[in-house]
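The values are calculated or read from the model by the stated rules, or taken from the named source; none is laboratory data. A quick note: this is a predicted structure, and the numbers were derived from the prediction, not measured. Don't worry about glycine lacking a Cβ; one is built from the backbone with ideal geometry, like all the others, and counts go over all protein chains shown.
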Amino acid sequence: MAQPVKAASRPLELTELLTLMLEASEQINSTLDLDELLRRIAEIVKRAIDYDIFAILLLNERAQELRVHFSIGHPDELVRNLRIKVGEGIVGRAVQQRRSLLINDVQGEPTYIPSQPSIRSELAVPLMFRGRVIGVIDLEATWPDFFNESHVSLLELLASRMAMAIENARLYRRSVRQARKLQLLNEISRELSSVLVLNELLRKVGTLTKQLIDYHHFAIFLADEQTRTFNAVLSLKRDERTPEKYTLHFGQGLVGAAADLRQALIIPDVSKDPRYVRLNPETRSEMVVPLVHREAVIGVVDLESSQLNYFHEDHARIFSTLAPQIAIAIENARLYERVARSEARLERDLRSAQEIQMHFMPGTPPAIPGLQVGLRFEPARELGGDLYDFLNYGKDRHVLAIGDVSGKGAPAALYGAMAGGILRSLAPQRLSPPELMKKLNVTLLERKIEGHFITLTYAIWEPRTRTLRLANAGMPLPILVRHGQCRPIRAEGVPLGLLEHAEHQELSVRLEKGDLLAFCSDGIVEAFNHQHEEFGTRRLENVLRQNASRSPQEIVDTLFQEVRRHEEGRPPRDDQTVVLVRVR
């Protein structure tokens with residue numbers, strides 16, 4: 001019994017053909033969405049030719065292979081995986097020969113690539129644009145001899161218009177994709193510049209790269225010049241961090257090659273490249289981009305795919321644009337970490353130095369016969385240049401010294417420590433205040449440090465006679481509070497460590513029971529508020545006079561409270577020290 005034959009589409013009359021062509025032109029030229037365009041083409045062709053399978057395959061000129069971009073009737077798996085080289089199968093031959101191929105019965109065609117067992121006839125028409133093939137329209141039917149020459153003529157007429165529309169749509173898609181990539185690159189650059197923690201930055205690079213290139217495996221290698229190795233500091237598989245850590249020597253593998261060449265490498269098939277070092281069994285293709293900062297390769301970014309020929313020149317261009325920014329971000333993060341470590345170490349050292357400095361000066365008021373003592377020292381920074389000390393001149397005499405080194409911070413603290421050590425070394429000689437000043441000045445000049453000097457008040461207390469003998473080298477004048485009245489003790493002189501032949505006069509003051517005597521560094525009277533108004537001597541005397549009946553330490557604490565209130569929250573600009581004594 002004869003096999004039934006499917007009725008072929010009847011040839012279109014001229015009017016129908018013109019109407020179809022006009023409608024086709026209108027339909028395909030009214031959209032720049034590639035997917036929508038291909039769908040419309042399929043519908044237009046269906047009205048003229050009752051195919052069973054329809055496909056549009058577009059040509060990848062670099063790889064010289066065809067890939068299905070739109071299909072009706074093909075299994076989904078075939079559409080995803082089918083790659084046809086130019087010259088292979090019916091569609092590959094149509095592209096190679098640049099002409100339409102009509103196969104009445106594919107069972108007699110040795111080059112036919114089967115898609116479904118029921119297919120018997122096929123028609124492939126190349127899509128030509130400006131003299132080059134960009135793809136092919138492929139129709140298939142389940143009946144032999146289904147297609148005819150009128151179908152060929154019709155498709156060839158449609159193909160020229162379709163090719164132009166497809167190229168316009170692809171150009172538009174590339175433009176949109178390029179604009180999105182540029183916008184994404186800009187966003188990535190902003191995000192990278194805002195991250196200063198290295199581990200967080202590296203993970204950010206991997207995550208953001210995934211938005212540009214859908215890699216299978218991603219790694220960042222950083223160069224170690226001492227060991228001459230590249231060490232993987234980040235390894236991501238499908239955007240998830242992996243514990244693998246790889247090390248490659250300089251010049252080893254694709255990573256080393258990219259670093260040596262200082263250019264991106266694209267490897268379509270890693271199994272065919274002798275430089276490839278097999279670290280991930282799933283890898284089929286790879287792209288490696290060096291990270292260069294200030295003429296030095298600081299690392300390499302490695303992207304791998306489980307597909308052959310996955311990476312292309314667009315990927316390399318995109319990542320070569322991004323690589324310098326990644327390199328700068330990595331260097332900034334590493335610099336930030338070094339600075340943070342240095343600051344942490346410096347902070348620890350400063351805390352230790354501060355503790356040591358506090359041990360140089362008595363933390364609690366000493367027991368001095370005939371006197372009550374209150375004291376307080378507040379450095380403007382972690383370390384300060386003010387100093388005070390109490391020395392013993394035997395059973396019947398005691399020394400009170402208060403000084404202020406030029407400058408602030410660690411240099412002033414070290415200079416003050418040196419001056420305090422010299423003071424203690426001279427104490428056994430029991431020198432008078434002027435003699436002590438002279439010897440200290442000579443010693444400091446022998447160890448002269450440019451820009452550094454010290455002001456000092458040196459007083460000897462004799463409790464038996466209630467006499468205070470003192471000399472002053474540039475410190476604020478001591479203030480005596482007696483019977484509710486304040487007056488300065490006018491002992492004056494030049495600072496120590498500046499002039500070779502500086503002379504200092506001794507002043508003797510006989511004190512009475514209940515007298516207060518205040519020694520302050522200039523950080524107290526020079527403390528200023530937001531209006532740049534100094535605390536001044538007048539406010540200092542008011543606090544001393546109004547609180548004269550209280551204990552020396554209470555007066556000192558009250559004075560500091562008033563200074564803080566005057567500063568209105570501003571940090572002290574200078575060290576602040578007060579030593580206050582009351583005659584018993």
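Checked against the criterion of being at pLDDT below 90 and either under 20 Å from Asp214 (Cβ atoms) or of a type in the set (Lys, Arg) (or both), segment 256-271 has no qualifying residue. Screening Glu562 against (1) farther than 25 Å from Pro433 by Cα; (2) over 46 Å from the mean Cα position of the chain (by Cα); (3) touching a residue at least 12 places away in the same chain (Cβ under 8 Å) leaves a single unmet condition, (2). Would you check if there is a residue in segment 320-327 being without any contact (Cβ under 8 Å) to a residue 24 or more places away in the chain and more than 19 Å from the chain's Cα centre (by Cα)? No, every residue in segment 320-327 fails to be without any contact (Cβ under 8 Å) to a residue 24 or more places away in the chain and more than 19 Å from the chain's Cα centre (by Cα). Identify all residues within segment 167-215 that are in contact with a Phe, Trp or Tyr (Cβ under 8 Å, 6 or more places away or on another chain) and either closer than 17 Å to Phe319 by Cβ or modelled with pLDDT under 75 (or both); write none if there are none. Within segment 167-215, Leu196, Gly206, Thr209, Lys210, Leu212, Ile213 qualify. Candidates are the residues of segment 444-464 that are under 44 Å from the mean Cα position of the chain (by Cα) and farther than 15 Å from Gly420 by Cα; the one that is surrounded by the most Cβ atoms within 10 Å (Cβ to Cβ) is Ile449. Could you tell me whether segment 35-45 includes any residue that is in a helix (DSSP H, G or I), β-branched (Val, Ile, Thr), crowded, with 20+ Cβ neighbours inside 10 Å and in contact with a strand residue (DSSP E or B) (Cβ under 9 Å, 6 or more places away or on another chain)? Within segment 35-45, one or more residues are in a helix (DSSP H, G or I), β-branched (Val, Ile, Thr), crowded, with 20+ Cβ neighbours inside 10 Å and in contact with a strand residue (DSSP E or B) (Cβ under 9 Å, 6 or more places away or on another chain). When the residues of segment 253-269 are filtered to those that are loosely packed, with under 14 Cβ neighbours inside 10 Å and without any contact (Cβ under 8 Å) to a residue 40 or more places away in the chain, the one that is farthest from Phe311 (Cα to Cα) is Asp260. Only residues that are outside any helix (DSSP H, G or I) and not small (Gly, Ala, Ser) were counted across segment 403-422, and they come to 3. Among the residues making up segment 424-435, a single one is under 20 Å from Gly385 (Cα atoms) and either at pLDDT 90 or above or out of contact with any Asp or Glu (no Cβ under 8 Å at 6 or more places or on another chain) (or both): Ser425.
Out of everything in segment 230-252 that is polar (S, T, N, Q) and more than 18 Å from Ala327 (Cβ to Cβ), what residue ends up being surrounded by the fewest Cβ atoms within 10 Å (Cβ to Cβ)?
Thr247
Considering Leu291, Leu350, Leu303, Leu308, the condition of being out of contact with any strand residue (DSSP E or B) (no Cβ under 7 Å at 6 or more places or on another chain) and either in a helix (DSSP H, G or I) or at pLDDT 85 or above (or both) is satisfied by Leu350 alone.
Could you look through segment 303-317, keep only residues that are hydrophobic (A, V, I, L, M, F, W, C) and in contact (Cβ under 8 Å) with a residue 60 or more places away in the chain, and pick out the one that is surrounded by the most Cβ atoms within 10 Å (Cβ to Cβ)? Residue satisfying both the conditions and the ranking: Leu303. Within the option set Glu140, Glu122, Glu77, being within 23 Å of Arg39 (Cβ to Cβ), in a helix (DSSP H, G or I) and not aliphatic (A, V, I, L, M) holds for one residue only, Glu77.
Every condition in (1) within 21 Å of Ile188 (Cβ to Cβ); (2) assigned to a strand (DSSP E or B) holds for Asn199 except the one numbered (2).
Restricting Gly493, Gly474, Gly514, Gly497 to those that are farther than 19 Å from Lys439 by Cα and modelled with pLDDT under 95 reduces the list to Gly514. I'd like the residue in segment 470-505 that is out of contact with any Lys or Arg (no Cβ under 9 Å at 6 or more places or on another chain) and charged (D, E, K, R) and, out of all such residues, is surrounded by the fewest Cβ atoms within 10 Å (Cβ to Cβ). Per the criteria, the residue is Glu500. Consider segment 40-72 and keep the residues that are within 47 Å of the chain's Cα centre (by Cα) and of a type in the set (Lys, Arg). The one that is modelled with the highest pLDDT is Arg67. Tell me whether segment 318-332 contains one or more residues that are at pLDDT 85 or above, assigned to a loop (DSSP other than H, G, I, E, B) and either surrounded by 12 or more Cβ atoms within 10 Å (Cβ to Cβ) or in contact with a Phe, Trp or Tyr (Cβ under 6 Å, 6 or more places away or on another chain) (or both). No.
The single condition among (1) of a type outside the set (Val, Ile, Thr); (2) over 20 Å from Asn168 (Cα atoms); (3) without any contact (Cβ under 8 Å) to a residue 24 or more places away in the chain; (4) in contact with a strand residue (DSSP E or B) (Cβ under 9 Å, 6 or more places away or on another chain) that Pro114 does not meet is (4).
Given the criteria out of contact with any Phe, Trp or Tyr (no Cβ under 7 Å at 6 or more places or on another chain) and either of a type in the set (Gly, Ala, Ser) or without any contact (Cβ under 8 Å) to a residue 12 or more places away in the chain (or both), does Ser100 qualify? So Ser100 fits the description; yes. The residue that is surrounded by the fewest Cβ atoms within 10 Å (Cβ to Cβ), counting only those in segment 67-89 that are more than 22 Å from Lys46 (Cβ to Cβ) and in contact (Cβ under 8 Å) with a residue 24 or more places away in the chain, is Glu88.
Answer yes or no as to whether Val300 is buried (at least 16 other Cβ atoms within 10 Å of the Cβ), among the β-branched types (Val, Ile, Thr) and within 21 Å of Thr247 (Cβ to Cβ). In short, yes.
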